[in-house]
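Engineer: Here it is: the structure, laid out below.
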Amino acid sequence: MKIGIAKETVDGERRVALVPAMVSRLIDNEHVVFVESGAGEGASFSDNDYKEQGAKVIKDPSGLYLDSEVVVKVQPPQTKGKIKEVDFLKDGLVLICFLSPFENPSLIKILATKKVTGFAMEFIPRIARAQSMDALSSMATVVGYKAVLMAADNMGKFFPLLMTAAGTIHPANVLVLGAGVAGLQAIATAKRLGARVEAFDPRPAVKEQIESLGAQFVPMELPEGDVETQEGYAKEMTEEFLKKEQEAIASRLPRVDAIITTAAVFGKRAPVLITEQMVKLMPSGSVIVDIAAGTGGNCELTKPDKVVEKHGVSIFGETNLASALPVHASQMYSGNMLNLLNHLYPKADFELDFEDEIIGGACMTRDGKIVNEMVDQFINNGGE
């Protein structure tokens, strides 16, 4: 296959879909690799680095899309702006990236109209044999780590306990809401920095994982029944449970210095765990880093890609924290992408098997149709 690595066009995006080290491995599998000039610069990889691994550098995006059978990216192709990547899409192209179908339904329609076979990295099934392709988990690891560093950098306090000649500095109190991959990484990072950490998640099985990292589990009555979908994503909680959760969180807030919020419901708005009234309970100078800002935020006051200063608390709504660590984020994403490409095309002339759980599960559009039932239903119900 002719595989093209596109340069990202979203403002502030510094990751690249495949790092140079992965190129030679694709060539060893009899694939041809093109890379758009400058695609790796944000992650400190030069065009020459790609050439040395056997890739052919193409100067402009239109040429890359024209010459490639498969195009790999991080962000969805842009439908507006200076470079409209959707204009380069051609009939029969295979596109692999984060497609964000619930935020970009118009893009999914365009992919179907242009007869592009579109694979969404966030729809890789959460099954054992797909773990090496799970880019959501990889990026969540980066985000959880970076969120804690952001909190530490903006809090105005030390994280660890310090015994000094000037007196004792008590450790910071950090509260992590949600203990998925991002939350667990946030807990581990905050502990390494010496903070006192508490965490909460409605999934009973996570309590042991939280405590194994040295954090205290915030106790409350947990919901009965399944709190996860069959695919391993968190289910939407009832209003009654959400109020109980807010009450449990509120009881901690007067002594919390930093909160990392990570709670998300796949395909839906993030649950509001911290209301404005709850923010008022926090000490002046406290920080909230809301990882869920891209889907509405876990804090009522969060604004995407803005810093909100209210009631003495700084609320950070970064929507692309993974791009702040582009080298390792790109390496991890590349590993996921390479494993997916090897699964899609174990041989150069291999035809895609859409009966396969991974291939069928990640495919959004094919043969001019939206083939993912959840996304198709969302769009048909007016999800614009």
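Engineer: I'd like the orientation of helix 135-154 relative to the chain: the angle between its Cα long axis and the longest Cα principal axis, in ° from 0 to 90, rounded to 10.
Structural biologist: 40 degrees
Engineer: Also, quick follow-up: Tell me the volume per residue, in Å³, of the convex hull enclosing the alpha carbons of the stretch 71-228.
Structural biologist: For the stretch 71-228, the hull spanned by Cα atoms encloses 169 Å³ per residue.
Engineer: Now for a separate question. In the stretch 91-122, which trypsin sites (Lys or Arg not before Pro) fall in coil by DSSP and have 16 or fewer other Cβ atoms within 10 Å? Don't skip to the answer; put the middle values down first.
Structural biologist: Working: sites: LYS109, LYS114, LYS115; in loops: LYS114, LYS115.
Passing sites in the stretch 91-122 are LYS115.
Engineer: For the pairs LYS7/LYS80; LYS2/LYS73; LYS73/LYS347; LYS243/LYS280; LYS207/LYS280, flag any whose C-alpha to C-alpha distance is greater than 19 Å.
Structural biologist: In this structure, LYS73/LYS347; LYS207/LYS280 lie more than 19 Å apart at Cα.
Engineer: Explain nothing, just the number: dipole magnitude of the stretch 139-319 about its Cα centre with +1 on each Lys and Arg Cβ and -1 on each Asp and Glu Cβ, in debye rounded to the nearest 20.
Structural biologist: My answer is approximately 600 debye.
Engineer: While we're looking at this one, here's another question. Can you give me the distance in nm between label points at MET374 and ASN48, each placed 7 Å from the Cα along the Cα-to-Cβ direction?
Structural biologist: 4.5 nm
Engineer: Here's another thing I want to ask about it. What FRET efficiency do you get for THR79 and ILE359 if R0 is 25 Å and r is their Cβ-Cβ distance, rounded to the nearest 0.05?
Structural biologist: Details: r = 26 Å, r/R0 = 1.02.
Taking R0 as 25 Å, the efficiency between THR79 and ILE359 is 0.45.
Engineer: Work the Kirkwood hydrodynamic radius out for the stretch 139-319: mean of 1/r over every pair of different alpha-carbon atoms, inverted, in Å.
Structural biologist: When all Cα pairs of the stretch 139-319 are included, the Kirkwood radius is 16.2 Å.
Engineer: For all pairs of alpha-carbon atoms in the stretch 1-89, what percent lies in each bin of width 10 Å, listed from the first bin to the last filled one?
Structural biologist: 19, 55, 24, 2
Engineer: Mind listing which GluC sites (Glu not before Pro) in the stretch 125-221 are in a DSSP loop and have 11 or fewer other Cβ atoms within 10 Å? Walk me through the numbers before you get to the answer.
Structural biologist: Working: sites: GLU198, GLU208, GLU211, GLU221; in loops: GLU221.
Within the stretch 125-221, the qualifying GluC sites (Glu not before Pro) (loop, at most 11 other Cβ atoms within 10 Å) are GLU221.
Engineer: Report relative contact order for the stretch 236-337 in percent, whole number only (criteria: Cα-Cα under 8 Å, sequence separation at least 6).
Structural biologist: The value is 22 percent.
Engineer: If you don't mind, another one. Which ordering of ARG255, ARG366 is given by a fewest-first count of other beta-carbon atoms within 10 Å? Write out the running numbers ahead of the final one.
Structural biologist: Numbers: ARG255 14, ARG366 20.
The order, fewest Cβ neighbours first, is ARG255, ARG366.
Engineer: Using helices alone, what [θ] at 222 nm do you get for the chain, with -39,500 (n - 2.57) per DSSP H run of 4 or more residues, divided over all residues and rounded to the nearest 500?
Structural biologist: It comes out at -9000 deg cm²/dmol, rounded to the nearest 500.
Engineer: Please arrange SER284, SER106, SER314, SER138 by counting, for each residue, the other beta carbons lying within 10 Å of its beta carbon, fewest first.
Structural biologist: Working: SER284 8, SER106 12, SER314 18, SER138 22.
Ascending number of Cβ neighbours within 10 Å: SER284, SER106, SER314, SER138.
Engineer: If each residue's Cβ is checked for other Cβ atoms within 10 Å, how do THR164, THR319, THR262, THR113 rank with the fewest at the top?
Structural biologist: Ranked by crowding around the Cβ, least crowded first: THR164, THR113, THR319, THR262.
Engineer: Angle check, please: helix 181-192 long axis (alpha carbons) against the longest principal axis of the chain (alpha carbons), in degrees 0 to 90, nearest 10.
Structural biologist: The angle comes out at about 50 degrees.
FYI, it's all coordinate maths here, none of it is from the lab. Predicted model only: the values in this text are computed from it and were never measured. Positions of Cβ are generated from backbone atoms using ideal geometry, with glycine treated the same way; all protein chains shown enter the neighbour counts.
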